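Below is one structure, written out as structure tokens; comments come after it.
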Amino acid sequence: MIRNGDSKVTEKQSGDTPYDGSFYDSFEESSLHSARVVVPMVLACIRPNSVADVGCGLGVWLSVFREQGVSEVCGYDGDYVDRSRLRIPQESFHPTDLSNPPAVERRFDLAVSLEVAEHLQPSSSERFAEFLVSLAPVLLFSAAIPEQPGTAHINPHWHSYWHDLFARRGYRALDPLRARLWHNEQVSLHYRQNVFLYVEEDWLARDPRAAALRGLPKANCLTLIDEGVLMANLSLRSSVLRLPRLLWQKIAHR
């Protein structure tokens, strides 16, 4: 899964992809800078011994978890990923069709999926959520909101969509990172805006490693849009004109 704020399109499974080495070059370092800020914050919440990254790309985030002392990492992404450029051991990488992931035989302490889900077909969202919760009791998750710029955003949703999807699977949405990241320009905008922890309720109640998370309030459904995203990347006029329709859709849904 590609990270520049942006991950994959399903046709890449066929091997016919425009994402060559120069594309990876364009965001590899920004992902590394982001991970070196965010990962220590996550480790302060939970001390995992094992981490899986679903849509890992070259394994940049996993490489930072390893730098921080995590002993076991596992990356899942399409077979198109250039193994010679991996930042993790090749044996830690598992080629996977993320639109139809297989059952897993084990669980990890933490599963990561950042700016990935919006690149999968909408019909695969439920299956993708099932795969993530099967991997770990704690998820570090972000996904693009509607009209967020990026490559092949075919499945963007407001944060409340994912909150509901994981809640139906017994996972609580927590928001301990965004307020601390909001003005940190070392972290890419899409992570600052979209990253949440989703924690299995049963694990939260019983596991000693959950102590740092138990006192945190549940995340609300408020969508915060970074000013840089709004002004530099979104069409403000277009967004404002769409607000009445979006509001009525939300009212109708409620």
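The values are calculated or read from the model by the stated rules, or taken from the named source; none is laboratory data. The structure displayed is predicted, hence computed values, not measured ones. Quick reminder, even Gly has a Cβ in these numbers, built from the backbone with ideal geometry, and neighbours come from all protein chains shown. All accessible areas refer to the heavy atoms of the entire protein, side chains included, with ligands and DNA or RNA removed. Shrake-Rupley method; radii C 1.70, N 1.55, O 1.52, S 1.80 Å.
Is one or more of the residues making up segment 64-78 in contact with a Ser or Thr (Cβ under 6 Å, 6 or more places away or on another chain) and in a helix (DSSP H, G or I)?
Checked against the condition, which is being in contact with a Ser or Thr (Cβ under 6 Å, 6 or more places away or on another chain) and in a helix (DSSP H, G or I), segment 64-78 yields no hits at all.
I need a count of the residues in segment 102-133 that are among the polar types (S, T, N, Q) and in a loop (DSSP other than H, G, I, E, B).
1
How many residues does segment 179-192 hold that are assigned to a helix (DSSP H, G or I) and open to solvent by 10 Å² or more (accessible area, probe 1.4 Å)?
5
Please go through segment 147-178 and give me each residue that is assigned to a helix (DSSP H, G or I) and either open to solvent by 10 Å² or more (accessible area, probe 1.4 Å) or under 21 Å from LEU98 (Cα atoms) (or both), ordered by number. Don't jump to the end; show me each part of the working.
Pass one, segment 147-178, residues assigned to a helix (DSSP H, G or I): 159-167, 178.
Across segment 147-178, the qualifying residues are HIS159, SER160, TYR161, TRP162, HIS163, ASP164, LEU165, PHE166, ALA167.
Give me a count of the residues in segment 34-72 that are in contact with a strand residue (DSSP E or B) (Cβ under 8 Å, 6 or more places away or on another chain), on the phi > 0 side of the Ramachandran plot and without any contact (Cβ under 8 Å) to a residue 40 or more places away in the chain.
1
Of the residues ALA129, ALA103, ALA144, ALA117, which single one is small (Gly, Ala, Ser), open to solvent by 30 Å² or more (accessible area, probe 1.4 Å) and in contact (Cβ under 8 Å) with a residue 24 or more places away in the chain?
ALA103
Would you please name the residue that is most open to solvent (accessible area, probe 1.4 Å), looking only at residues in segment 72-85 that are under 20 Å from SER113 (Cβ atoms) and out of contact with any Cys (no Cβ under 9 Å at 6 or more places or on another chain)?
ASP79
Which of the numbered conditions does GLY69 fail, given that it passes all the others? Conditions: (1) open to solvent by 10 Å² or more (accessible area, probe 1.4 Å); (2) within 24 Å of GLY215 (Cα to Cα).
All conditions are met except number (2).
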